[in-house]
Amino acid sequence: MPSSGHGSMVATVQRLNEMGFIPGLDDMEVRTRRERGEGNDTKLQTSRPYADIFRRNIFTLINMVLFTIGAVMMAIGRFGDAFASVALILMNVVVGIYQEIKAKRQLDKITLLTRPQVTVRREGLDQTVYPDELVRGDIILIKPGDQIVVDGILVGQGQIEVDESLLTGESDHIVKKKGDSVLSGSFCVTGSAMYVARRVANVATPTGWPPKRGCMSRRAHRSSATSIL
């Protein structure tokens, strides 16, 4: 496939649409594009970091009050009362941190189990990968229920209806066919097709594309999709 420039992406889409069978990238092309920084290197969203858990459990208003009381008790020589105050703080901190870390680990496990996967075609074979394994120019297959994980352009003869309500606010399904753009965050409702990944996490796109999400009408969306080709 051609290199990574915006003009070459248009040429790539045109060439793909002229092919009877689209084999996708080979392993060497995938490695080369990732080395060029064209990988979809997205970070998996997990629960709060450990540092945040410790900070929020230690530096609380009640703990500050008890620390102050303990310091005053030590200053006037009442070490037993000071010890009781500090012990109460430590017990509260330990219990809170233990509960939050336990909850964090459970939530992280759930996040890993529900992590989305996509079907990509490489070297003529369909395979399942995680979104962060995609590179620019990958051929991604979509079917009903699939989420579109990166921006792209439909290629081949497939046709789908997508739900873009989370992006545009419109509840009507939008028909997409060869040459139309698809946006990350939308969902395939009916039909099946394939698209070439145009925009991944590490690669910028031309100014003004894609339009600001949530502020785009269906007519503007369609005209923008046509103009990029």
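The values are calculated or read from the model by the stated rules, or taken from the named source; none is laboratory data. Bear in mind the structure is a predicted one, so any value in this text is a computation, not a measurement. Positions of Cβ are backbone-derived with ideal geometry, glycine not excepted, and every protein chain shown enters the neighbour counts.
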*In the stretch 108-127, which residues are farther than 19 Å from residue 186 by Cα and at pLDDT 85 or above?*
121, 122, 123, 124, 125, 126, 127
_Selection status of residue 67, in contact (Cβ under 8 Å) with a residue 40 or more places away in the chain and surrounded by 12 or more Cβ atoms within 10 Å (Cβ to Cβ)_ = no
*Quick check: anything in the stretch 86-100 at pLDDT 85 or above, under 25 Å from the mean Cα position of the chain (by Cα) and not small (Gly, Ala, Ser)?*
yes
*asked:* Kindly evaluate residue 167 against the criterion of being surrounded by 13 or more Cβ atoms within 10 Å (Cβ to Cβ), modelled with pLDDT under 90 and assigned to a helix (DSSP H, G or I).
replied: yes
*asked:* Where the second residue is loosely packed, with under 12 Cβ neighbours inside 10 Å and the first is within 24 Å of residue 16 (Cβ to Cβ) and lies in the stretch 100-124, which pairs have Cβ atoms under 6 Å and are six or more apart or on separate chains?
replied: 117/128; 119/128
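Would you mind stating whether residue 157 is more than 18 Å from the chain's Cα centre (by Cα), within 26 Å of residue 16 (Cβ to Cβ) and at pLDDT below 90?
yes
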*Candidate set from the stretch 70-85 (those that are over 29 Å from residue 101 (Cβ atoms) and of a type outside the set (Gly, Ala, Ser)); member that is surrounded by the most Cβ atoms within 10 Å (Cβ to Cβ)*: 73
*Where residue 33 falls short, out of the listed (1) closer than 30 Å to residue 124 by Cβ; (2) of a type in the set (Lys, Arg); (3) not in a helix (DSSP H, G or I)*: (3)
*asked:* Among the residues that make up the stretch 6-24, is at least one of them among the acidic types (Asp, Glu), outside any helix (DSSP H, G or I) and more than 24 Å from the chain's Cα centre (by Cα)?
replied: yes
*Hey, among 27, 52, which residue is surrounded by fewer than 11 Cβ atoms within 10 Å (Cβ to Cβ) and closer than 30 Å to residue 134 by Cβ?*
27
